[in-house]
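Each remark here refers to the structure printed beneath this line.
The values are calculated or read from the model by the stated rules, or taken from the named source; none is laboratory data. Treat the numbers as computed from the prediction; the structure is a model and nothing was measured. FYI the Cβ positions are ideal-geometry reconstructions off the backbone, even for glycines, and counts take in every protein chain you see.
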Amino acid sequence: MGCGASSGTSTDSTHKNPIKRSRNIQSINQGSSLVPAGTAFKSAVLIQRWYRRYIAQMEVRRRCTWSIFQSIEYTGEQDQIKLYDFFNFLMDHFTPDNSKERDFICRMFSDEDNIKDNELEKYCEYETIDVSAVYTGPRITFPLKPSHAAALVEAFKQKQQLHARYVLHLLHETKKHLKQLPNIMRVSTSYNKEITICGDLHGRLDDLFLIFYKNGLPSPERSYLFNGDFVDRGKQSIEVLMILFAFLLVYPKIVHLNRGNHEDYIVNLRYGFTKEVMKKYKVHGKKILKMLQSVFSWLPLATIIDQKVLVTHGGISSTTDLDLLSTIERHKFASTLRPRKKKEKHKSNELPQEKCKNGENTLSVDESVIPQRSGSFSYSSSPSLLPMYKGKRSASSPTTITMVKKEISVRVRQAVDEELEKCRRQVGLIETYAESDSPVSVSDSDSESGDIQEYDPDNEERKQIVDILWSDPMPQDGCKSNTIRGGGCYFGPDVTEKFLKKHGLRLLIRSHECKQEGYEFCHNGKVLTIFSASNYYEVGSNKGAYVKLGHDLIPHFVQYQANKTMTTLTMRQRVSTVEESALRALREKLFAHKSDLINAFKKYDRKQSGYITLNDWATALESVLKLGLPWRMLRPQLIRSSPEGLLKYRHWFDELSACQPVRENLHSGLLEALYRNKSDLETIFRIIDSDSSGLISFEEFKHTWKLLSSHLHIEVRDEEICNMARSIDFNKDGNIDINEFLEAFRLVDRPHIEGKADI
């Protein structure tokens, strides 16, 4: 009552006294004091300006973090394909020195993936596996019913594990069904039904649960299409697969699965799925993996919805032909990274190999066919992975050019490209689509070399599959080799337009790329990327999403984030958490290239003072790592102090990370090579670990390093290899545990930089 009366009195007196009313207009009552209106408005403007600046800073940090994650991820994929390009070279030109090396190589490149169906079924026979009476996990019977699939979902929510017998039985039934499907599925929506399309899941079971919670389990009224990359990176890939395969068998006309580039047993060796299966199924894990290898090869390559929407995992290229894709025997390509078989014609060209001077057993290569080029031959784009787009993209293999005029032209073009690239980065255009490292176009190399390439149907079919599984869209017109990933291509809006028009399509839906919001349109709205694995790089790094299409084919999106803890954090805390994870990965990358970086820094340290400018530091980092990152913006997070704008670069490496004690007795060059190629080593280890025990012998460890050193063109002495092996063999049993090996060489973070904002 008092307040109301006071307010009424004030209003009445103001009407009666114009002078008092004018004064009130010029001031605002804040508590017991009057603040001029002009001051209040200025304060509001300043607050808004500060908030906008704060949001902009957070967005810049978020984008930098995103660039780090993506650059490191794509570099890893590129390294994998370089490794298998090297395997491909070995297949064609390797001649073993002795029976041990012959057995070693044969084990790596055996044709086990070509096991006949009857032999595979006999090897992976599930009926001989007994289910213990103490087993309390889910049980399934065939034919599967909706209740069985729903029970499987609930069991996995309770952290239960499906018995190996049921896993193999489910895989057998899934393979039978997949073998009946065409390469390109054709589905339709009715007026009372819509289809839900999900992108990459990558072993994120929580994301799959959240999708089913929001959208409902598959049913006759609720159709699903999962667009590949079900496995790897996440820790529950096998559970994701079992759920998807179960619903596929329950609703074969309702649930559809496309193959992704990670449905590939070679890729699984590197990105965690193989390790996960062997850890969860120690006894029957190898059988499960062998059966999965066959199942993956039978997954359809694409799906067309209502004759208007193409859904495939990666994308297209200028040579993608749906008619050819429809006729390919897709099961022949258990891995798109599989090296080509050694052809007979190479045998007649092999020259007698020379023994090494020290007489040691090393890997011998026919040097008459080694391309004359600087650096490792592994840095060329793989012939089997980068199709030849005449006039559009670079050659897939290096060609020696003898014409001086041609060499000058190439150097000038490279210099111009580097200068353009530098300018793009200075203005913030860090996302680049580089041409292949090879300086000669296909048309040039063909015409000048005079070589006529044989038409290889299998290779052409492989290229078609690689393109739709590995390719990415780009904003520029054209079609270029995807040198960032190392496989497939970058395709532009003109390629999309031509492809859609040719096949009478309206939209291309693909996955394959993580997007911060879970989805993204490009190419004038004609290409849609959908990504369903939230928190892909780190908790809080991105949202997941799925898209729903009805009979009108208008996309409706649903976004989500599986982790609930991020909702309680402030924006600064969320950004800082993700940023720290990205910087940790970047510091490890920097440490792995220490020698190369120091050599690059020395070029700018002409006075040999041990100091370089910050601009030179940023330029040198990009010249060595080629990550396309905004190094100047990342400087505060990577450099603690730089008095007078100068950096003491040798001391800077000591501030990045600390080494674990087990590695102190190792040669620094060997240690650096190990860090840089840790993933390649793990891949080779898992290939040669024939019994999938997780253990390899000292002899196998030695051969592995010999193989890798020839791949990298580095010299590793036997003494250094033995010292490293002994330091890793913790229990001194003469074997090396792969997991302990990887853990032993993990970088340890230094304490956070003082003065940094708390998370």
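Quick notes
- S541 falls short of the stated requirement of being in contact (Cβ under 8 Å) with a residue 60 or more places away in the chain, of a type in the set (S, T, N, Q) and farther than 23 Å from S67 by Cα.
- Subset of segment 461-482 (residues that are part of a loop (DSSP other than H, G, I, E, B) and either more than 15 Å from the chain's Cα centre (by Cα) or surrounded by fewer than 24 Cβ atoms within 10 Å (Cβ to Cβ) (or both)): M474, P475, Q476, D477, G478
- Complete set of residues in segment 253-275 that are in a loop (DSSP other than H, G, I, E, B) and over 19 Å from A302 (Cβ atoms): G272
- The number of residues in segment 590-629 that are surrounded by 15 or more Cβ atoms within 10 Å (Cβ to Cβ) and in contact (Cβ under 8 Å) with a residue 24 or more places away in the chain comes to 23.
- Cβ pairs under 9 Å, 6+ apart, first in segment 277-302 and within 22 Å of H313 (Cβ to Cβ) and free of Cβ contacts under 8 Å to residues at least 60 places away in the same chain, second part of a helix (DSSP H, G or I) and among the small types (G, A, S): V277/S237; V277/G285
- Checking each residue in segment 551-580 for being closer than 21 Å to F521 by Cβ, buried (at least 16 other Cβ atoms within 10 Å of the Cβ) and not hydrophobic (A, V, I, L, M, F, W, C) picks out P555, Y560, Q561.
- Residues being closer than 18 Å to L634 by Cα, touching a helix residue (DSSP H, G or I) at 6+ places or on another chain (Cβ under 8 Å) and at pLDDT below 80 - total across segment 67-77: 1
- Segment 210-230, residues that are farther than 19 Å from A302 by Cβ and surrounded by 19 or more Cβ atoms within 10 Å (Cβ to Cβ): L210, I211, P218
- Once segment 630-645 is narrowed to residues that are touching a helix residue (DSSP H, G or I) at 6+ places or on another chain (Cβ under 7 Å) and closer than 14 Å to T613 by Cα, the residue that is surrounded by the most Cβ atoms within 10 Å (Cβ to Cβ) is W631.
- Tally, over segment 546-579, of residues that are modelled with pLDDT of 85 or more and of a type in the set (D, E, K, R): 2
- Within segment 537-582, being more than 18 Å from E59 (Cα to Cα), in contact with a strand residue (DSSP E or B) (Cβ under 8 Å, 6 or more places away or on another chain) and either part of a loop (DSSP other than H, G, I, E, B) or hydroxyl-bearing (S, T, Y) (or both) holds for Y546, G550, H551, L553, P555, Y560, Q561, A562.
Quick grid of which residues meet (1) at pLDDT 90 or above; (2) assigned to a loop (DSSP other than H, G, I, E, B); (3) closer than 17 Å to Y251 by Cα:
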{"position": "A149", "(1), (2), (3)": "yes, no, yes"}
{"position": "K159", "(1), (2), (3)": "yes, yes, no"}
{"position": "V167", "(1), (2), (3)": "yes, no, no"}
{"position": "K176", "(1), (2), (3)": "yes, no, yes"}
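- Test: residue in segment 206-227 that is assigned by TED's automatic domain parsing to the domain that holds V527, outside any loop (DSSP other than H, G, I, E, B), hydroxyl-bearing (S, T, Y) and touching a Ser or Thr at 6+ places or on another chain (Cβ under 8 Å): yes
- Each residue in segment 492-516 was checked for being part of a helix (DSSP H, G or I) and in contact with a helix residue (DSSP H, G or I) (Cβ under 8 Å, 6 or more places away or on another chain), and 1 of them qualify.
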